[in-house]
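The values are calculated or read from the model by the stated rules, or taken from the named source; none is laboratory data. Because the structure is predicted, anything quoted here is derived from the model rather than measured. In this analysis, Cβ positions are derived from the backbone assuming ideal geometry, glycine residues included, and neighbour counts consider all displayed protein chains.
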Amino acid sequence: MDKTKTKNCAADTGKPVSKVTYREPLGEFHGVKAEIVGHRVWDFPANTLALRLPQPKWVLCAYQGYRKVTSVLNCFHPPESWHAVDNTDRTYWEYTRWIHREMLKQVAPGEKTALLFTGVDMHKHVMVEETFEELWVQAWVTAGVKTNALRIGRDAAYGIERHGLWQPFNHKAPPQPGTINIIVLTSSDLGQAAMASSFITITEAKTAALQDLDIRSAYNPKWQATGTSTDQVCIVPGNGDRCFYVSGQVKLGEMIARAVTRGVTEAINKVRGEG
């Protein structure tokens, strides 16, 4: 894999994100150009997986909703940098948005983007592809489950959101780092309803992978985990024939599920050092 290095620099004074420190091309897949872009967050090494689309596309992203974008980014925020919010007057959400704005100025200036973020280094990502006749599906996945896996609806919440502010419950210890991020690209065009429906298929497939690996809740190990508390999804449709159904009984839905289950399994094993 070629790695083109540029001058390594610490975070600019007063700015949380440094200039780009390296670009690592991963290749071109169905017109989508992929690379890992290195930078720093508060002087800690960080990087971003950038998927640059061949043309602007409407996507559905769990973090930012329905939007037209030219690239999809999975951003590694090193856990060592997270406590920097304590040294600002910003809320956690204001701080996160600020970091993302500053990161975009360096990594994707002028681009319309959809974002995901995680504490997993992008060199731990996996990409898997499923094909059938003219159809293809790709899943780009990062997965950290060791310290934040939970069983949804059984493990208790850590806090509550009121008026846009996060209020932790005093009796609860803060959650630890851990996120499963899934970006799915399809050859088929999808409308808003099909994109929303795909989140069901993707989530069920993710949980199936956790079941296959017998991943347990980090908070109550007797329970089998269904995900983490911070999982994110983005669906990116293609330019093929429009499909309206993406459930498991339809070939496209089966392909999405297979790609996601494989991707989550391989990503967890890669972080464990088994991949």
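A few remarks follow.
- For the range 35-59, a residue qualifies if it is more than 22 Å from residue 94 (Cα to Cα), of a type in the set (A, V, I, L, M, F, W, C) and either crowded, with 20+ Cβ neighbours inside 10 Å or touching a helix residue (DSSP H, G or I) at 6+ places or on another chain (Cβ under 7 Å) (or both), and the qualifying residues are 36, 37, 49, 50, 51, 53, 59.
- If you filter the range 63-116 down to residues that are modelled with pLDDT of 95 or more and among the hydroxyl-bearing types (Ser, Thr, Tyr), you find that the one that is nearest to residue 198 (Cα to Cα) is 66.
Let's see how each residue does on (1) of a type in the set (Ser, Thr, Tyr); (2) surrounded by fewer than 21 Cβ atoms within 10 Å (Cβ to Cβ); (3) touching a residue at least 40 places away in the same chain (Cβ under 8 Å):
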| position | (1), (2), (3) |
| --- | --- |
| 199 | no, yes, yes |
| 215 | no, no, yes |
| 220 | no, yes, yes |
| 229 | yes, yes, yes |
| 235 | no, no, yes |
| 238 | no, no, yes |
| 242 | no, yes, yes |
| 265 | yes, no, yes |
| 270 | no, yes, yes |
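- In the range 105-124, the residues that are part of a strand (DSSP E or B) and in contact with a helix residue (DSSP H, G or I) (Cβ under 7 Å, 6 or more places away or on another chain): 113, 115
- If you check 186, 203, 207, 147 for being under 28 Å from residue 32 (Cα atoms), hydroxyl-bearing (Ser, Thr, Tyr) and touching a Pro at 6+ places or on another chain (Cβ under 8 Å), only one passes: 186.
- Flag for residue 248 being surrounded by fewer than 18 Cβ atoms within 10 Å (Cβ to Cβ), part of a loop (DSSP other than H, G, I, E, B), touching a residue at least 24 places away in the same chain (Cβ under 8 Å) and touching a Leu at 6+ places or on another chain (Cβ under 9 Å): no
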